[in-house]
Every structure is written in structure tokens, then in C-alpha cells.
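*Asks:* Handing you this structure, nothing more for now.
The values are calculated or read from the model by the stated rules, or taken from the named source; none is laboratory data. What you see is a predicted model; the values in this text were computed from it and never measured. Here the Cβ positions follow ideal geometry from the backbone for every residue, glycine too, while neighbour counts run over all protein chains shown. Accessible surface is based on the protein model in full, side chains and every heavy atom, while ligands, DNA and RNA are left aside. Shrake-Rupley method; radii C 1.70, N 1.55, O 1.52, S 1.80 Å.
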Amino acid sequence: MAAANLPSRPGAAPRRLLRSRPLLFCAALLLVVAGAGGWWASSASSTAGPRGRVAFATGVVGGVYDRYGVLLRQYLGQHMPGLRVQLDNSVGSLDNLERVVAGQDDFAIATADAVATFGSPRKPELRAIARLYDDYMQLVVPADSPVHSVADLRGLRVGVGQAKSGVNLVTRRLLEAAGLDPDRDVRSAQVGVVEAADGLQKKELDAFFWSGGLPTTALTDLSQRTPIRIVPMGDLSDPLHQLAGPGMDAYRAATIPADAYPDVQPERVAVPTVAVPNLLVTRADVDPALVEALTRAVIDSRDAIGGQVHAAQLVDLRTAVYTDPLPLHDGAERYYLSVKP
């Protein structure tokens, strides 16, 4: 199917997104899948939708991945009562990808730069379901901090995200783009967002990086406990693209809206930064009927979840099919073809 037959992205050059192929349907199809000790089954003739159990890797507690997963599970519980969803917290994108290819989880969220960087020999097994929302890089400091740019972090105690997290991946690249050596020029603390927020409040950290949807609950909570500020990083967009390495084209210049964190931005000033898209991923061997149903749920749940997680409002049928660097799963293709204009 040519890209022109799918929802198009304004200004995007035409490209082949879906492969044309027959749709194979089997009544009373039963599949048993190893992974996370779970199983699931679906039937093309069933009106109740998929049945069984699936495992979904989210992210750190207090992050948007975690909250999105909780709300998506609630939505699936209402609309696919036969499907039981196990949520697994993780340290982030690279960890999630490892869990999916290892069969520990069936679905996960990961940033596009992490997917491009992922070096497992089993990477060809990965497939995309949808492009979700963008993560925004956020450099958080005390309100009275002398830090006004990433370059000002030299010699300071900085939370850089946990190993195998998308935060750590992009943080190292931002430091390099600012002319700093991540291993020598800052005193790094590999901690999650909740631990980093606590460390900043206790003055154990001078700053921390976070990559997440807007707003992130852990940052909102921190801003209500202690005065903080978000440091602009928009000037690093071009230097990022000049660095060597996979996935650099995933980054774009972006702006944190003036009302994203009311207690942080009382003067209603937008903050320029860098953003990267998130993908919902799975494996090629996951049943197409299950993936088609999940894809439909992700698109249909946008407003319900978006009422509580603002980032989810950006999930959109017109952009969901743009899942570079991963091809779409057969089941996701089936859904998008069924709703094409």
C-alpha cells in the first residue's frame, strides 16, 4: 500500500510505509506465547476481543510511561475485559527493548533514538505499533541556581538517568553537544526521576536531567515542595545533529509550553529544548489480531487518557504510522488500513 493511501504528515516526502499483503483470518485461532510467564489467545470470530494475559513494560515510577501504562490498562479493562495486562516498571527505553526481545514483556514504550541505538542481534524481531507522543528534555535546577545552560554544569553533581534508560542516552549526548565530557566534566549520579527530585530538594544534587512527556508528575510534585527552574536547551538541537552515532535525526527543536508547570513557570515563559518521539513496540511474532486490537485501543483511548496525562492528547492517527526506525507490525498495518480515508 502506498504511503499516499495513509494519513499523511504535512510537508513529509512520500515514502512506502506499509507493505501490501493478503489479510489471513483463521476462526478460533489459539496461540500460546512464552514471555513473562504469561499467555494470551485471540479469535477472529470472537466478539469479546483478545483474551488472556500480556505483559507491558512501562518505565520508572513517577514518569509518564508509568502513568500512561496504568491508564491504558484501565481502558483495556473496560473495553477488552478478557485481556489481563501485567505492568512492569523498568529503568526506561533501552531496558524496555531488551525485555521485549527477551520475551519478558510483549509490549513496551521506547524513544526513537533508543531504538536506533539498540544493538541487540535480536533487534530485527522488533516491530512498531504506533508513534505516541514526544519526550521533552528537561534540565531541572534550584530556582536560585547559577546554572543557565548545560555548559554551566561543569564540576557539578548531576542526575543523568539510570543506565539503560532513554534519559541517560540523550543526557550524555546533550553534554557532549555542550562541549562537556559526560564521564569527566560532571559528577554523575545514575538515578531515576523520583530519586533525582529528592536529591535536588535535599541539596545532594545540583541539577538533574529528565526526558519525558509533559507534564511529568515527579517534576510537578517537586515544584510544589521547593522552588525549581527548567534550563533552556534549545541551542543544542543543531550540535546534537552534528554528533556521530545512530538516532541523531530523531531529535528536534521543541518548546516546553509556558503552562506545562505552573509552579515552575509562574511568569508563563516557554522554555526552548529538544524533543524525541516515543514508539509503542512489540515483537514480530505477537499475534496480529491482538496487535490490531491494541492499536485500535491506543488511538481510541487518546481523549480518555489525555484527560489525565496531557502528553497522551498528542497521540494522533495522522502521525501514528510514522514509526521510524521500526517497521509497523502486521496487526498495526491491518488497523491503519482499515481506517484510512
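*Asks:* Report, ordered by the first and then the second residue, all pairs with beta carbons closer than 9 Å, sequence separation of six or more or different chains, a first member in region 115-139 that is farther than 28 Å from Arg302 by Cβ, and a second member that is aromatic (Phe, Trp, Tyr).
*Replies:* Pairs that qualify, where the first residue is farther than 28 Å from Arg302 by Cβ and the partner is aromatic (Phe, Trp, Tyr), are Leu139/Phe208; Leu139/Phe209; Leu139/Trp210.
*Asks:* Within region 101-137, how many residues are under 11 Å from the mean Cα position of the chain (by Cα), more than 15 Å from Gly69 (Cβ to Cβ) and hydroxyl-bearing (Ser, Thr, Tyr)?
*Replies:* Within region 101-137, residues that are under 11 Å from the mean Cα position of the chain (by Cα), more than 15 Å from Gly69 (Cβ to Cβ) and hydroxyl-bearing (Ser, Thr, Tyr) number 2.
A quick yes/no check of all residues on (1) crowded, with 20+ Cβ neighbours inside 10 Å; (2) closer than 20 Å to Gln313 by Cβ:
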position	(1), (2)
Leu243	no, no
Ala253	no, no
Asp259	no, yes
Asp263	no, no
Val286	yes, no
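*Asks:* Determine whether region 210-219 contains at least one residue that is part of a strand (DSSP E or B), open to solvent by less than 10 Å² (accessible area, probe 1.4 Å), aromatic (Phe, Trp, Tyr) and out of contact with any Pro (no Cβ under 8 Å at 6 or more places or on another chain).
*Replies:* no
*Asks:* Another one. I need every pair where a residue in region 242-253 that is over 19 Å from Gln138 (Cα atoms) and assigned to a strand (DSSP E or B) has its Cβ under 8 Å from the Cβ of a residue that is among the aliphatic types (A, V, I, L, M) and modelled with pLDDT of 95 or more, sequence separation at least 6 or different chains.
*Replies:* Final answer for the pair search is none.
*Asks:* Scan region 315-329 and tell me whether some residue there is assigned to a strand (DSSP E or B) and open to solvent by less than 10 Å² (accessible area, probe 1.4 Å). Break it down stepwise before answering.
*Replies:* First, pick out the residues of region 315-329 that are assigned to a strand (DSSP E or B): 328.
Checking which are open to solvent by less than 10 Å² (accessible area, probe 1.4 Å) leaves us with 328.
Yes, the conditions are met somewhere in region 315-329.
*Asks:* Quick check on Leu236: is it closer than 26 Å to Asp95 by Cβ, open to solvent by less than 40 Å² (accessible area, probe 1.4 Å) and not in a helix (DSSP H, G or I)?
*Replies:* On the way: closer than 26 Å to Asp95 by Cβ: yes; open to solvent by less than 40 Å² (accessible area, probe 1.4 Å): yes; not in a helix (DSSP H, G or I): no.
No; evaluated as a whole, the condition is false for this residue.
*Asks:* Now for a different question. Looking only at region 254-264, count how many residues are free of Cβ contacts under 8 Å to residues at least 40 places away in the same chain and part of a loop (DSSP other than H, G, I, E, B). Working first, answer last.
*Replies:* The first filter runs over region 254-264 and keeps only residues free of Cβ contacts under 8 Å to residues at least 40 places away in the same chain, leaving 255, 258-259, 262.
Add one more test, that the residue is part of a loop (DSSP other than H, G, I, E, B), and what stays is 258-259, 262.
Number satisfying all stated conditions: 3.
*Asks:* I'd like to check something: does region 82-97 contain any residue that is in a helix (DSSP H, G or I) and closer than 20 Å to Val309 by Cα?
*Replies:* As a first pass, look at region 82-97 and keep what is in a helix (DSSP H, G or I): 93-97.
Filter once more, so that each one left must be closer than 20 Å to Val309 by Cα: 93.
Yes: one or more hits.
*Asks:* What tally of residues in region 163-200 results from selecting those that are under 22 Å from the mean Cα position of the chain (by Cα) and open to solvent by 50 Å² or more (accessible area, probe 1.4 Å)?
*Replies:* Total meeting the criteria: 6.
*Asks:* Identify all residues within region 140-151 that are in contact (Cβ under 8 Å) with a residue 24 or more places away in the chain and open to solvent by 10 Å² or more (accessible area, probe 1.4 Å); write none if there are none. Lay out the reasoning, then the answer.
*Replies:* Initially, region 140-151 is screened for residues in contact (Cβ under 8 Å) with a residue 24 or more places away in the chain, giving 140-145, 147-151.
Within region 140-151, Pro142, Ala143, Asp144, Ser145, His148, Ser149, Ala151 qualify.
*Asks:* If you don't mind, there's one more thing I want to ask. Hey, can you tell me all the residues within region 91-114 that are open to solvent by 30 Å² or more (accessible area, probe 1.4 Å) and either without any contact (Cβ under 8 Å) to a residue 40 or more places away in the chain or not charged (D, E, K, R) (or both)?
*Replies:* Scanning region 91-114 gives Val91, Leu94, Ala102, Gln104.
*Asks:* Given the conditions (1) open to solvent by 40 Å² or more (accessible area, probe 1.4 Å); (2) under 26 Å from Thr220 (Cβ atoms); (3) touching a Gly at 6+ places or on another chain (Cβ under 6 Å), which single one is not true for Arg53?
*Replies:* Evaluating Arg53 over (1) open to solvent by 40 Å² or more (accessible area, probe 1.4 Å); (2) under 26 Å from Thr220 (Cβ atoms); (3) touching a Gly at 6+ places or on another chain (Cβ under 6 Å) leaves (2) as the failure.
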